[in-house]
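Asks: Following this message is one structure expressed as structure tokens.
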Amino acid sequence: MKIDNRLTLREVVGEHLIVIQGKTDAELSKVVAFNSTSVMLWNHFLEKDFTVEDVQQRLLEEFDVTEEIALNDAQAWVDTLKQNNMVQ
């Protein structure tokens with residue numbers, strides 16, 4: 001999978017946000033807020049193909065966590081991206 005390159009991570013008043021425009025006039029825009037770990041992952045995987053296991057590995061490199069915790073967190077991050085149509 002790959003992060004949708006039409007999306008831009010912006011910092012607004014100390015918050016890291018992505019605004020996802022609705023596809024039609026009837027659909028509302030959605031704002032997704034990222035914590036510092038999500039920002040790190042976003043920046044690392046932007047313009048790269050990646051898997052859940054790649055995200056897990058990145059978390060293991062950055063943090064002192066078990067493989068299980070890293071995998072659970074990686075899956076949760078990827079699930080959020082998928083649920084918000086942020087990956088292709």
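The values are calculated or read from the model by the stated rules, or taken from the named source; none is laboratory data. If you're wondering where the values come from, they're calculated on a predicted model, not measured in any experiment. Quick reminder, even Gly has a Cβ in these numbers, built from the backbone with ideal geometry, and neighbours come from all protein chains shown. Heavy atoms of the whole protein, side chains included, go into the accessibility calculation; ligands, DNA and RNA do not. Shrake-Rupley method; radii C 1.70, N 1.55, O 1.52, S 1.80 Å.
Asks: Just the number please: accessible area per residue for the chain, 1.4 Å probe, all protein chains included, in Å².
Replies: Per residue, the chain has an accessible area of 68 Å².
Asks: Here is a follow-up. Step through the residues of the stretch 49-62 one at a time and calculate ³J(HN,Hα) from phi using the Karplus curve (6.51 cos²θ - 1.76 cosθ + 1.60, θ = phi - 60°), rounding each to whole Hz and writing x for Gly and Pro.
Replies: Computed from phi, the couplings for the stretch 49-62 are 6, 8, 10, 4, 5, 5, 5, 4, 4, 4, 5, 5, 5, 8 Hz.
Asks: Using 0.36 nm per residue of separation minus the Cα-Cα distance, give me the extension gain between E15 and D49 in nm, one decimal.
Replies: 9.6 nm
Asks: Which one is right for this structure if semi-axes √(5λ) of the Cα gyration tensor in Å is calculated from it: (1) 24, 14, 11; (2) 26, 15, 14; (3) 39, 13, 8?
Replies: Computed from these coordinates, semi-axes √(5λ) of the Cα gyration tensor in Å corresponds to label (1).
Asks: So how far apart, in nm, are the two label points at T80 and D64 if each is 7 Å from Cα heading toward Cβ?
Replies: 2.4 nm
Asks: Moving on. Going from most exposed to least, what order do D4, D79 have by accessible area with a 1.4 Å probe?
Replies: The residues order as D79, D4, largest area first.
Asks: So what's the net charge close to H44: Lys and Arg +1, Asp and Glu -1, counting the other residues with Cβ under 15 Å from its Cβ? Can you show the working numbers first?
Replies: Numbers: positive: K2, K48, R58; negative: E47, D49, E53, D54, E61, E62, D73.
Charge balance in the 15 Å sphere: -4.
Asks: Between helix 36-45 and the chain, what is the angle of the helix's C-alpha long axis to the longest principal axis, kept within 0 to 90° and rounded to the nearest 10?
Replies: Its long axis makes an angle of about 90 degrees.
Asks: In addition: Got a number for carbon plus sulfur as a percent of the chain's accessible area, 1.4 Å probe? List each step's numbers first, then the result.
Replies: On the way: 2750 of 5990 Å².
Roughly 46 percent, rounded to a whole number.
Asks: Still on this structure: Hey, what number do you get for the chain at 222 nm if only DSSP H runs of n ≥ 4 count, each worth -39500 (n - 2.57), divided across all residues, to the nearest 500?
Replies: That comes out to -13500 deg cm²/dmol.
Asks: Treating only the Cβ atoms of Lys and Arg (+1) and Asp and Glu (-1) as charged, compute the dipole magnitude of the chain about its Cα centre; round to the nearest 20 debye.
Replies: Roughly 480 debye for the chain.
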